[in-house]
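Just so you know, all these numbers are worked out from the coordinates, no wet-lab data involved. These numbers were taken from a predicted model, which means no experiment stands behind them. Reconstructed Cβ throughout: ideal geometry from the backbone, glycine too, with neighbour counts over all protein chains shown.
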Amino acid sequence: MNAITLNNITKTYNKGSVLAVDDVSFSVEKGEIFGLIGPDGAGKSTIFRLLTTLLLPDKGSASVGGYDIIKDFRTIRGIVGYMPGRFSLYQDLTVQENLNFFATVFNTTIEENYDLIKDIYIQIEPFKDRRVGKLSGGMKQKLALCCALIHKPEVLFLDEPTTGVDVVSRKEFWEMLQRLKLQGITILVSTSYMDEATRCDRIGLIIGGKILSINTPDDTIKAYPEKLYAVKSAKMYELLHDLRNFDGTISCYTFGANLHLSIKCSEQQVLDYLKEKGHDKVEFMQITPKVEDCFIRLLKEQDERNSNKDK
Ligand code: ADP
């Protein structure tokens, strides 16, 4: 059974003037870690708020744990855990007071579900009497996860849980999610860190309220349609300019210290062209695309489709 299903969900704000989620459909299997990957403003938080029954859709239907997000909103609130993008914790309460508060709201106690949070909680327990406002980002994140888990939810919604958290804590956090998955908890998680995509069972790439693709991370990368090259030379700015003006180029953009280039001609033709343009110390190497490359590629295809429609 699917733990989460969305059918043609649309949501607008400001009396329809802001289209936040545009006809989105996808489903998440029980026990799956599904990542919604996209930049700020893509519509991720809105999807979370719809599925946690905090907002009503304009169109479409959705269910969580088999329950309808409109009709069965009360039941859904009891079976989901939600870690919103901005911390939902009470800054003036201590670690333990926050956790107690969330346990009480859900009619349970820390002791009752301690097993589920134990691995995470022992890391913050030494600070249990510290006010949350004085914790580091990584600690707050662990506590927020404990609070979202304290009532043993079937489905966990984590909205950008690793934003602003250091690399080590991010890695630990994803390891914790893997352990929760093993306990049968379904996880919908959003992130704008593309490197985290590989940690999900499947990913949905989203922008402008539209899902561009849904696939496993590996198959998302395998679907990249051309060979991709990392290119460098002594003059990077001129290199970008020249490659963008080259007939054989499909796309070329800056990626870290390199340019990423895909072509519709031979490698030799690129090298001859760069020589002709006087480029020095050229490094040219075929690479495996990353999720970012797939994202950029899908966006380009979408733009091309839209501009063809406008013609
Ligand atoms: P993300 O979580 O991917 O950053 P959001 O769902 O927060 O995306 O936002 C999607 C779009 O909806 C953005 O254009 C954002 O500005 C707009 N938006 C979000 N919340 C509101 C709101 N309460 N009122 C008006 N517009 C909003």
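Pick out, from 257, 271, 237, the residue whose Cα sits farthest towards the positive end of the charge dipole of segment 225-288, with +1 on the Cβ of Lys and Arg and -1 on the Cβ of Asp and Glu. Value computed over the given set: 257. Shown here are the Rg and Dmax of the Cα trace of the chain, at 22.8, 73 Å. Within segment 73-117, the GluC sites (Glu not before Pro) that combine a DSSP coil assignment with at most 10 other C-beta atoms in a 10 angstrom radius are 111. Post the alpha-carbon centroid distance, segment 83-157 to segment 247-270, in whole angstrom. Between the Cα centre of segment 83-157 and that of segment 247-270, the gap is 48 Å. Legend: ranking of residues 251, 307, 262 from fewest to most surrounding C-beta atoms inside 10 Å; resulting order 307, 251, 262.
Do any chymotrypsin sites (Phe, Trp or Tyr not before Pro) in segment 1-95 lie in a DSSP loop with no more than 15 other beta carbon atoms within 10 Å, and if so, which?
On the way: sites: 13, 26, 34, 48, 67, 73, 82, 87, 90; in loops: 87, 90.
Qualifying residues, ordered by number: 90.
With N the number of residues in segment 55-103, Rg(Cα) / (2.2 N^0.38 Å) evaluates to 1.50. Axis of helix 137-149 versus longest Cα principal axis of the chain: the two differ by about 60°, to the nearest ten degrees.
Relative to the current alpha-carbon distance between residue 280 and residue 193, full extension at 0.36 nm per residue lengthens the span by 27.9 nm. Gain on full extension, evaluated as 0.36 nm per residue between residue 123 and residue 8 minus their Cα-Cα distance, stands at 37.3 nm. Largest first, the three principal axis extents of the alpha carbons in segment 4-95 are 42, 30, 25 Å in whole numbers. Full extension of the chain between residue 73 and residue 253 yields a length gain of 60.3 nm, computed as 0.36 nm times the residue separation minus the alpha carbon distance. Cross-link pairs exceeding 20 Å in C-alpha to C-alpha distance, out of 30/290; 181/290; 140/171; 71/152, comprise 30/290; 181/290; 71/152. For GluC sites (Glu not before Pro), the sites in segment 198-289 that DSSP calls loop and that have at most 13 other Cβ atoms within 10 Å are 226. Which angle from 0 to 90°, rounded to the nearest 10, does the C-alpha axis of helix 167-182 make with the longest principal axis of the chain? For 167-182 against the chain, the angle is about 60 degrees. Hey, which lysines would be in cross-link range of residue 311, C-alpha to C-alpha under 21 Å, not counting anything within fewer than 8 residues on its own chain? Those lysines meeting the cut-off are 300.
Seen from residue 279, the other residues with C-beta closer than 15 Å to its C-beta sum to a net charge of -1, counting Lys and Arg as +1 and Asp and Glu as -1. Only Lys, Arg, Asp and Glu carry charge here, each on its Cβ (+1 for the first two, -1 for the last two); on that basis segment 225-288 has a dipole of about 120 debye about its Cα centre.
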